[in-house]
Each structure stands twice: as C-alpha cells, then as structure tokens.
1. Using only Cα atoms, tell me the angle between helix 2-23 and the longest principal axis of the chain; keep it within 0 to 90° and round to the nearest 10.
2. Rounded to the nearest 20 Debye, what is the dipole magnitude of the chain about its Cα centre when Lys and Arg each give +1 and Asp and Glu each give -1 at the C-beta?
3. Which residue fluctuates the most in the chain, going by a Gaussian network model with Cα springs under 10 Å, if the choices are R42, R54, R125?
4. Quick one: compute the contact order of region 41-143, relative version, from alpha carbon pairs under 8 angstrom and 6+ residues apart, as a percent.
5. With angles folded into 0 to 90 degrees, how steeply does helix 28-54 sit against the dominant principal axis of the chain? Use alpha carbons for both and round to 10.
6. Running a GNM on the chain with Cα contacts under 10 Å, which residue among G69, G18, G135 ends up with the highest mean-square fluctuation?
7. Which whole-Hz couplings ³J(HN,Hα) result when phi for each residue of region 99-113 is put into the Karplus expression 6.51 cos²θ - 1.76 cosθ + 1.60, θ = phi - 60°, listed in order with x for Gly and Pro?
8. Name the most mobile residue of A37, A74, A49, meaning the one with the largest mean-square fluctuation, in a Gaussian network model of the chain with Cα contacts below 10 Å.
Amino acid sequence: MLRVDQAGEYGATRIYAGQLAVLGDSVPASRLIARMASQEQRHLRHFDALLAERGVRPTLLQPLWSIAGHALGAATALISPQAAMACTAAVEDEIDRHYQDQLGALGAEEPALGATIAEFQADEREHRDRAVEAGAEESVGYPLLYSAIRAGCRVAIALSKRI
Ligand SMILES: [Fe+2]
Ligand SMILES: [Fe+2]
C-alpha cells in the first residue's frame, strides 16, 4: 500500500511540474496548479517518511513515472489550460477510488495510516472539484481525454503495486 501510494503522490508532483513548466505563471490556472502541487509535495513527503520508517522500498518504476508524469502534464498543458484541468480531474478521480479501496481494505487496522489516507483523499477530491470548476469539462475531447488518462492511471497503479 505504501509503495503504490508513494508512487502515486510522486507521479502527481511530476504531472504538476510538467504543467507548470509549460504554463509558467502566465494563466489564471497557474495559481491553482501551484497550490495543488504544493499539497502533492506534502503528501509525497509524508509517504517518503513512512517508507523510510517501515523499510519499504519505493517502486522500481519511479524513473518511468518521473518521465511519464512530466510528459502527461506538459502534453495536457500544451493542449490548453482546460486540458490540464481535465488531466487533474481524471487523475484525482482515479486516486480517490484507489484511496477508497485502501480504506476499505484497512478497515479498523492501522488507524493512523487510515486517517492519513482519508485526509489526503479529501485533498484529492478538492483538487478534482477545483479542476472541474476551472473548466476541465470544457476541454476539447474531454470524454476521451478523461477516460484515457484514467485508464493510464489504473495501469500505473497496478504496476506500482507489483514492481
Ligand atoms: Fe496527493
Ligand atoms: Fe491531488
């Protein structure tokens, strides 16, 4: 669980870095993206610490998520700020589902970890809502973009659990 969560939060920081690399601080969306990015940094630091504390090795796929996350962020930002928001909506919906599954699997076990996951899940839902408010659904080809990115996230989650 910790390995895949750390991988996911790392991927999120890379997506936002890619978007900000393209958008800079030139558009209204930049402020929102920068704020979400700093929350992802906080999530990542927390999982980094938990991995170290419990002797869990990070996913071997981290270099791949670095490139793929940055590329996904940059590519969507190049399409439009709305497409960048569509990316966030898709990723966060998938992460919301992933954290929900983990909370179900944990049940009453590991209450501190459960509380952390629930807190981060609330942040991710908020990111999704802000992205929709900022025009995610107005992006060109939204349904296709949304479902392709969600599918990609599902593959990344499945791989990061195993490798
Ligand atoms: Fe996060
Ligand atoms: Fe997020």
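Every read-out reported here was derived from the displayed coordinates using simple, explicitly stated rules and does not represent laboratory data. Since we're looking at a predicted model, the values are computed, not measured. FYI the Cβ positions are ideal-geometry reconstructions off the backbone, even for glycines, and counts take in every protein chain you see.
1. Orientation of helix 2-23: about 20 degrees from the principal axis.
2. Result for the chain is approximately 540 debye, rounded to the nearest 20.
3. R54
4. On the way: 66 pairs, mean separation 36.0, N = 103.
With pairs under 8 Å counted, the relative contact order is 35 percent.
5. 20 degrees
6. Taking springs between Cα atoms under 10 Å, the residue moving most is G135.
7. 5, 4, 4, 5, 4, x, 5, 6, x, 8, 6, 6, x, 5, 5
8. In the Gaussian network model the winner is A49.
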